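What follows is a single structure, written as structure tokens, with notes after it.
Coordinate-derived values only; no laboratory data. Being a predicted model, the structure only gives us computed values, none of them experimental. Cβ: placed from backbone, ideal geometry, glycine included. Neighbour counts: every protein chain shown.
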Amino acid sequence: MRRVAASRRLQGMTSDRGRARGWLLRYLPLEVSGTLAAMLGAWLAFEASGSLVVAALAGSLAESVGYYAIVVVRAARGHAASARVQKLGGGAPAMLATTWLTLRSVAVEFGPAELVDSVLVRPALLWAASAA
């Protein structure tokens, strides 16, 4: 009985490690890209305007662009290579299907939570950190 319990614990740890590794491979590049874009965007905006508010808004926008550029490229590549799109034979129908599927999958995965974060939370935190 103890061996079965120990085996299940080990399987759970392996599964948790696999999930953590999957999360890191999926989201860490997005976070790094978004953070670098936010820092660059905020710095450029502050240098141009001298305003912390403008820098916070620009940093927030740049972070979204840096983060979602990778998301959209990954999703579009995946959908374009899918059997569903390949059946369309290329051209405009395949491009439209890829675009639609990409937009839909990104909206479903990130959706309203990202809207609240981009419009309210991130700009407020960037402004507060800059003011401090």
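Structural remarks
- From its DSSP helices (H runs of at least four residues, each -39,500 (n - 2.57)), the chain gives a residue-normalised ellipticity at 222 nm of -31500 deg cm²/dmol.
- Helix axis angle, 52-81 relative to the chain longest principal axis, alpha carbon, degrees: 30
- Distance cut-off 19 Å, percentage of C-alpha pairs in the chain lying past it: 64
- Using alpha-carbon coordinates, inclination of helix 2-49 to the longest axis of the chain, degrees: 20
- Proxy reagent accessibility, fewest Cβ within 10 Å first, across VAL108, VAL65: VAL108, VAL65
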